[in-house]
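The values are calculated or read from the model by the stated rules, or taken from the named source; none is laboratory data. Keep in mind it's a predicted model, so treat the numbers as computed, not measured. Cβ atoms come from the backbone with ideal geometry, glycine included; neighbour counts cover every protein chain shown.
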Amino acid sequence: MLESGYQSKIIKEINKMGGHAINGMYTKSGEADLQCGIPIYVGMYMDGDGPIWEQKKILIHVAIEVKTEKDYYRVMRAVDVDYNVIDSKPLKKHEPLQMAKIRLLRKKGGLALVAYNFKQVMDYVTGEMNGK
């Protein structure tokens, strides 16, 4: 399957759960393939009388650099858990910049990852939301 097929599957699942995902060519080099709003539910806000619990869906931004399954494992062998390049030999010319952008987004407190399927995305997002 081509990378576009992996992208389509991830987009379909995000949209099915009530999220929003776009892909395309971006004017800045190295930007992640998919820019997504992943729905999460929050439940507390304050009013004059104290906390009120109410389920509310919000979308959190997640940048996803989509790779084929084969390319995913090639890239992940070349980077550490923080997306620092530790071996540039397996990487294509543009991939060190992609990893740098993911690392920068994460450093700023954003959510960003390399993935080839929806489960990877949701495992990462739920882990981040649960403080893991």
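Observations on the model:
- Conditions (1) over 24 Å from Gly109 (Cα atoms); (2) surrounded by 12 or more Cβ atoms within 10 Å (Cβ to Cβ); (3) without any contact (Cβ under 8 Å) to a residue 24 or more places away in the chain; number of the one not met by Gly50: (2)
- Only one of Lys67, Lys101 that is touching a helix residue (DSSP H, G or I) at 6+ places or on another chain (Cβ under 7 Å), modelled with pLDDT of 95 or more and surrounded by 15 or more Cβ atoms within 10 Å (Cβ to Cβ): Lys67
- If you go through the stretch 76-132 and keep only what is touching a residue at least 24 places away in the same chain (Cβ under 8 Å), charged (D, E, K, R) and assigned to a loop (DSSP other than H, G, I, E, B), you end up with just Asp82.
- Flag for Met17 being surrounded by 10 or more Cβ atoms within 10 Å (Cβ to Cβ) and touching a residue at least 60 places away in the same chain (Cβ under 8 Å): no
- Counting residues in the stretch 41-58 that are under 13 Å from the mean Cα position of the chain (by Cα) and over 18 Å from Gln7 (Cβ atoms) gives zero.
- Test result for Tyr72, in a loop (DSSP other than H, G, I, E, B), buried (at least 16 other Cβ atoms within 10 Å of the Cβ) and out of contact with any Leu (no Cβ under 7 Å at 6 or more places or on another chain): no
- Pick from the stretch 18-55, criterion among the β-branched types (Val, Ile, Thr) and modelled with pLDDT under 90, ranking: farthest from Glu95 (Cα to Cα): Ile52
- Hey, Ile86 in contact with a strand residue (DSSP E or B) (Cβ under 9 Å, 6 or more places away or on another chain), loosely packed, with under 14 Cβ neighbours inside 10 Å, of a type outside the set (Lys, Arg) and at pLDDT 95 or above or not: yes
Conditions (1) hydrophobic (A, V, I, L, M, F, W, C); (2) free of Cβ contacts under 8 Å to residues at least 12 places away in the same chain; (3) at negative phi, marked per residue:
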| position | (1), (2), (3) |
| --- | --- |
| Gly5 | no, yes, yes |
| Asp33 | no, no, yes |
| Gly43 | no, no, yes |
| Ile60 | yes, no, yes |
| Lys70 | no, yes, yes |
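- Residues in the stretch 1-41 that are part of a helix (DSSP H, G or I) and under 19 Å from Thr68 (Cα atoms): Glu3, Ser4, Gly5, Tyr6, Gln7, Ser8, Lys9, Ile10, Ile11, Lys12, Glu13, Ile14.
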